[in-house]
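The values are calculated or read from the model by the stated rules, or taken from the named source; none is laboratory data. Computed from a prediction, not measured in an experiment: that's the story for all the values here. Glycine also receives a Cβ, built like all others from the backbone with ideal geometry; neighbour counts cover every protein chain displayed.
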């Protein structure tokens, strides 16, 4: 097995041992740890990082005080987070443990992070000081002193009133709990002493040491009724004695919020969406009657009322959106529908040869936010309600050449009457761009694509040249592969740019 393979296996083995010790400290493993796990004083632990080279190493000794004789404790050392390897740089990870008052490592020069933990003794948990930190090895041996002290635990109780007997409720407790397996010592709650807890009785208990504990209390449900806690969150401090947090639950009261419409033809379906508030309400209801009612607790809720399509036309609501506030009583919101009046928006062109097809896109209308229409006549028509609408008009190719609108885009405003937009097309001079090929067998098909601002032209031929008519400008082009007799031919150049500047131009292409 290679050195790197040994490094990885040793890393995994030591990590498992350290994690096992930490879990044991949390009370999840039996107390009969095999004596073979206890290293003798100052004996190097499984520090596989020392196996990756022949660099000089120096002794690092950790000395503890405060633990009962024979108590198992451990130290984990790894390359500093700021080192080139950092956490996860397996070559710099070391672990050792002992039942004596000292344990040691052989380490190369460098800065190392460490953390310290204890298996505990006779059911007592011990906290190390310092629980973690760093040290530097710089050409000489060094030592770190650690003091252990017993951790005292207290009862933290959450007691509720207001829930029906037997109702299940929950508390989540976070922060402050002593965890032996942690670089900082004080971290997240350990198993069985914190985290999430629930009960169908009036009390939920935690066993915790001194510290500050944020908590959150969830809603409870009984008999189809939602009960909300007061407080629903907060912080509680344990400082040398047990503590109790009183929680009062009250049923969540709902009130009717009615949206009442006027103006729609009888039997028309309409709808309301209500959003937000406690629990993230997302009510969406519809009816062909005159009222929509939703039950909501106190709070402020955004609502929206979409337009209605009927056989008599489109009806829009006033207000179409807003907020409704519930504050201990039922609420009614009046919604007034009125027919949406549409006005003619006409684009009238001049300058195109008779019968030439042209088109306009009108934005802010229609499905998808725009309408497109075209005509081979002089007028393109739309219908739109009051408002301001951007539009775009494309260039047109015909047998007579290329025609471009003098105003290709703009805005049109509808304000209570029909609108006509005049569009003038002007002829754009075109110049021949000829692509000539060499290298292909006679009669082989090949093609060219040319594209630029507002232009995309593709053409193919079996002749040795093809010609495209383009206005002034700079265009990118690409030349496709060609097949002949089972042979693939590629072009040089296969792509590039060509500039048209008031005269015909050409591009030579070689196939091979």
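Against the numbered list (1) in a loop (DSSP other than H, G, I, E, B); (2) modelled with pLDDT of 95 or more; (3) not assigned by TED's automatic domain parsing to the domain that holds residue 291, residue 410 comes up short only at (1). Only a single criterion out of (1) closer than 30 Å to residue 506 by Cα; (2) in contact with a helix residue (DSSP H, G or I) (Cβ under 8 Å, 6 or more places away or on another chain) is not satisfied by residue 363, namely (1).
Residue-wise test of (1) modelled with pLDDT under 95; (2) in a strand (DSSP E or B); (3) not assigned by TED's automatic domain parsing to the domain that holds residue 119.
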residue	(1), (2), (3)
166	no, no, yes
180	yes, no, yes
184	yes, no, yes
192	yes, no, yes
198	yes, yes, yes
201	no, no, yes
226	yes, yes, yes
245	no, yes, yes
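A single entry from 357, 259 fulfils the requirement of being surrounded by fewer than 15 Cβ atoms within 10 Å (Cβ to Cβ), out of contact with any helix residue (DSSP H, G or I) (no Cβ under 6 Å at 6 or more places or on another chain), more than 23 Å from residue 387 (Cα to Cα) and modelled with pLDDT of 90 or more: 357. The criterion of at least 2 residues that are in contact (Cβ under 8 Å) with a residue 12 or more places away in the chain is met by the following strands (runs of 3 or more DSSP E) wholly inside the stretch 431-490: 431-438, 446-452, 455-461, 465-470, 473-479, 482-484. May I ask you to verify whether residue 266 is outside any strand (DSSP E or B) and over 21 Å from residue 216 (Cα atoms)? In short, yes. You will find that of 140, 152, the residue that is surrounded by fewer than 18 Cβ atoms within 10 Å (Cβ to Cβ), modelled with pLDDT of 90 or more and either outside any strand (DSSP E or B) or not assigned by TED's automatic domain parsing to the domain that holds residue 69 (or both) is 140 and no other. With respect to being assigned by TED's automatic domain parsing to the domain that holds residue 59 and in contact with a helix residue (DSSP H, G or I) (Cβ under 6 Å, 6 or more places away or on another chain), residue 115 falls outside the description. I need the full set of residues from the stretch 326-356 which are part of a loop (DSSP other than H, G, I, E, B), under 21 Å from residue 426 (Cβ atoms) and touching a strand residue (DSSP E or B) at 6+ places or on another chain (Cβ under 6 Å), in order please. Passing the criteria: 351, 352, 353, 356. Under the condition of being assigned to a loop (DSSP other than H, G, I, E, B) and closer than 26 Å to residue 309 by Cα, the residues counted in the stretch 357-374 number 3. For the stretch 103-123, a residue qualifies if it is under 44 Å from the mean Cα position of the chain (by Cα) and exposed (fewer than 15 other Cβ atoms within 10 Å of the Cβ), and the qualifying residues are 109, 111. When each of 71, 61 is tested for being out of contact with any helix residue (DSSP H, G or I) (no Cβ under 9 Å at 6 or more places or on another chain), outside any loop (DSSP other than H, G, I, E, B) and modelled with pLDDT of 90 or more, the lone residue that passes is 61. Considering only the stretch 467-476, I want to know if a residue exists there that is more than 20 Å from residue 505 (Cβ to Cβ) and surrounded by 13 or more Cβ atoms within 10 Å (Cβ to Cβ). No: the stretch 467-476 contains no residue that is more than 20 Å from residue 505 (Cβ to Cβ) and surrounded by 13 or more Cβ atoms within 10 Å (Cβ to Cβ).
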